[in-house]
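All remarks here apply to the structure that follows.
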Amino acid sequence: MKSWPVTCVLLLSTVAKWIKDAEARDFTAKDIVQLHPSTTPHPGGFKCFTCQEARDNYECNRWAPDRYCPKETRYCYTLHVMDSDGNSLSVSKRCASLHECSFTGCAPLTINGQQVCSSCCEGNICNLWVPRNESNAIFASSSPLRSSSNKLEPAILTFYNIIVIKLWTFVRD
């Protein structure tokens, strides 16, 4: 009978570890339920994972609403804020226009060594992963991005992205 408390402690510590491991895992391709064939709301309709300031990628993808993107959008945008150790602090994903995807890459924030990375991609639910560094904070497009002068569009930090980063920094302080 005296071994009963020890057994309970061991069992509870094992269950606690399982819960922690389940919460820490990242969203995988196996987690995506096969999309059922349906009529799109417009030709070329697609879906993106969408969330606002989820605590990590798994939480974002897990609760993303299953809706088609508006007709005026063509890309999936992801904004990922990390602490100095690379751990997720905030993940936001949404449908985006070409203009909203003009900045991709990583930039340091002025607080506690935090970093923000953004990426855009083209395709149905293509924003499964979050950008974590310069190698995957990119604009992935299957079609050429040409302006009227037939030059590639420059990747610049847009006014919109500056406001989002500053607002997030202000809210977190």
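The residues in region 62-114 that are buried (at least 19 other Cβ atoms within 10 Å of the Cβ), modelled with pLDDT under 95 and not in a loop (DSSP other than H, G, I, E, B) can be counted, and the count is 1.
Among residues of region 126-141 that are under 17 Å from SER102 (Cβ atoms), those with a beta-carbon under 7 Å from a residue that is part of a loop (DSSP other than H, G, I, E, B) and of a type in the set (S, T, N, Q) at least six positions away or on a different chain give the pairs ALA137/THR104; ILE138/THR104; PHE139/THR104. Of the listed requirements (1) modelled with pLDDT under 90; (2) exposed (fewer than 14 other Cβ atoms within 10 Å of the Cβ), PHE27 misses just one: (2). Residues that are in a loop (DSSP other than H, G, I, E, B), modelled with pLDDT under 95 and closer than 30 Å to SER142 by Cβ: does region 1-19 have at least one? So far as region 1-19 goes, no, none of its residues is in a loop (DSSP other than H, G, I, E, B), modelled with pLDDT under 95 and closer than 30 Å to SER142 by Cβ.
One residue stands out in region 38-79 among those that are of a type in the set (S, T, N, Q) and in contact (Cβ under 8 Å) with a residue 40 or more places away in the chain: the one that is farthest from THR104 (Cα to Cα), namely ASN61.
Determine whether region 128-150 contains at least one residue that is over 12 Å from the mean Cα position of the chain (by Cα), among the charged types (D, E, K, R) and either modelled with pLDDT of 95 or more or exposed (fewer than 14 other Cβ atoms within 10 Å of the Cβ) (or both). There is at least one residue in region 128-150 that is over 12 Å from the mean Cα position of the chain (by Cα), among the charged types (D, E, K, R) and either modelled with pLDDT of 95 or more or exposed (fewer than 14 other Cβ atoms within 10 Å of the Cβ) (or both). If you go through region 115-127 and keep only what is assigned to a loop (DSSP other than H, G, I, E, B) and over 13 Å from the mean Cα position of the chain (by Cα), you end up with GLU122, GLY123, ASN124.
The values are calculated or read from the model by the stated rules, or taken from the named source; none is laboratory data. Bear in mind that the values here come from a model prediction, so they are computed numbers and not experimental data. Glycine gets a Cβ as well: all are built from the backbone with ideal geometry, and neighbour counts include every protein chain shown.
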